[in-house]
Amino acid sequence: MSFTILGTGSALPAKTVTNDDMAKLVETSDEWIRTRTGIRERHVITDESVTEITFTAAQRALEMSGVSPQELDYIICPTVGGDWISPSLACMIQERLGATCPAVDVNAACSGFLYGLDYADGIFARKRAKYVLVAAAEGLSRLLNWKDRSTCVLFGDGAGAAVLGEGDSLRYLHLTAKGSLALHVPHAPGESPFETNEQPPHGLVMDGREIYRFAVSTITAELRRASEETGIPFEKVDHVLLHQANQRIMDAASKKLHLPPEKVPSSIARTANTSAASVPILLDQEARLGHLHRGDILMLCAFGAGLTSGTAVLEWTRD
Amino acid sequence: MANSETLARLEKIISEYKDDLEPGTLTPETTFESLDFDSLDIVDMMMACEDEFGVEIPEDAQLKTVQDLLNLIDKTEE
Ligand SMILES: CC(C)(COP(=O)(O)OP(=O)(O)OC[C@H]1O[C@@H](n2cnc3c(N)ncnc32)[C@H](O)[C@@H]1OP(=O)(O)O)[C@@H](O)C(=O)NCCC(=O)NCCS
């Protein structure tokens, strides 16, 4: 026994920052950002908390699924960090929802939602749960180097959630990891009087070129593998939901796999890269637009810091 | 010396990225700038060449002309 997706929800902070706004902060232009990434704007946290946007996304997913918080058996929050190092974001969400089940965060950066689904799959397989909430969220705007134009234009904040119930929709799930600092976020410096290690400067650091190549080759190889292992050819796949990092990455991978653009939806123009939240935000967008139909086959693929990746094939079981 | 077969294979790869490339017009002197390639188009093409020719092109390779790419393909193919 595994799971099926009963409902989805998402939430973005209220403030939008356009590419023109970004050009007031660093030397960049709407033209550069749009043509290199497809991003037009991103949502960033002002006076909200990561907990609040995650709570809203979770509530929406619960509402769609008709499951009450008290019925949840587990809460998993994929994130690189909620509002606190401790307690976990998942515990804060459990409290806000009024749920009583165990709650834990999973950090696999942008692949977090897929790692979360894998943990959930294990929980269902052990028959420990009827309902699991996977609520991915990220407040990356807090972790960026806002003086580095090659990274600060790429990311945004947001949350995306799915309520899972017992079922057999999951056909395939494959995770990878390969330790590397090609994309990393240093820890906030501590105040230990004993530590002598040099403290790295604040903010996300990325080798864009290496990550770009990793992304395109990972999507291509992992989706091919998923298709082979499930025996489902790409023609029979209805929707390919890719991590929203860069439209150019999605276009390059789609071209290699001969996937028509209408099968590869995008939300990057308005969200930018929301890390772990990106796939469930896109999933919720597609569900609410009425693009997903009962029996549709979905392939999800995400990649990110770690370097990690996660790929899933599942059947949509809602009308 | 770049042979014409490699050039023809390269032209086929590039034409997949640029629909308006007239067959037979690619020369070793053609610059990627004149093809309207931006830095990510060049990365896409490098990856396509790695698949096509089974070579490894260094991440930091500076490619201005088709000849620069041919040199790298020839060098690693040997
Ligand atoms: C970030 C990315 C768009 C940069 O594209 P690129 O072609 O590799 O760009 P480069 O870093 O080589 O920079 C090209 C030029 O644009 C400039 N540039 C970089 N960011 C810029 C910006 N925001 N505005 C204007 N110019 C910019 C660079 O300084 C460089 O100028 P130079 O040639 O004069 O030195 C691309 O590498 C990418 O998308 N990588 C993957 C990132 C990603 O998805 N990360 C998250 C994964 S989870």
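Side notes on the structure shown:
- Single residue of the range A:247-261 satisfying the filter (part of a helix (DSSP H, G or I) and open to solvent by 50 Å² or more (accessible area, probe 1.4 Å)) that is nearest to the ligand (Cβ to nearest atom): A:251
- Residue in the range A:45-54 that is within 16 Å of the ligand (Cβ to nearest atom), among the small types (Gly, Ala, Ser) and touching a residue at least 24 places away in the same chain (Cβ under 8 Å) present: no
- Pairs are defined by a Cβ separation below 6 Å, a sequence spacing of at least 6 or placement on different chains, a first member in the range A:27-42 that is near the ligand (Cβ under 10 Å from one of its atoms), and a second member that is in a loop (DSSP other than H, G, I, E, B); the pairs so defined are A:28/A:153; A:33/A:39; A:33/A:153; A:37/A:246; A:39/A:272.
- Residue, modelled with the lowest pLDDT, within the range B:54-72, restricted to residues that are β-branched (Val, Ile, Thr) and out of contact with any Lys or Arg (no Cβ under 9 Å at 6 or more places or on another chain): B:57
- Considering (1) part of a loop (DSSP other than H, G, I, E, B); (2) more than 13 Å from chain A (Cβ to nearest Cβ); (3) open to solvent by 30 Å² or more (accessible area, probe 1.4 Å), the lone condition that residue B:19 does not fulfil carries the number (2).
- Check on residue B:55, within 14 Å of chain A (Cβ to nearest Cβ) and not hydroxyl-bearing (Ser, Thr, Tyr): no
- For the range A:13-54, the set of residues classified as open to solvent by 30 Å² or more (accessible area, probe 1.4 Å) and in a helix (DSSP H, G or I) consists of A:20, A:21, A:23, A:24, A:25, A:30, A:31, A:32, A:34, A:35, A:36, A:52, listed by residue number.
- Considering residues of the range B:22-41 that are buried (at least 17 other Cβ atoms within 10 Å of the Cβ) and within 14 Å of another protein chain (Cβ to nearest Cβ) only, the residue nearest to residue A:33 (Cα to Cα): B:40
- Only one of the numbered conditions (1) under 29 Å from residue A:55 (Cα atoms); (2) in contact with a Cys (Cβ under 9 Å, 6 or more places away or on another chain); (3) not in a strand (DSSP E or B) is not met by residue A:222, and that is (1).
- Exclusive hit being closer than 21 Å to residue A:109 by Cβ, open to solvent by less than 10 Å² (accessible area, probe 1.4 Å) and touching a strand residue (DSSP E or B) at 6+ places or on another chain (Cβ under 7 Å), set A:218, A:271: A:271
The values are calculated or read from the model by the stated rules, or taken from the named source; none is laboratory data. This one's a predicted model, so the numbers in the text were calculated from it and none came from an experiment. Cβ: placed from backbone, ideal geometry, glycine included. Neighbour counts: every protein chain shown. Heads up: the accessible areas ignore ligands, DNA and RNA and are worked out on the full protein's heavy atoms, side chains in. Shrake-Rupley method; radii C 1.70, N 1.55, O 1.52, S 1.80 Å.
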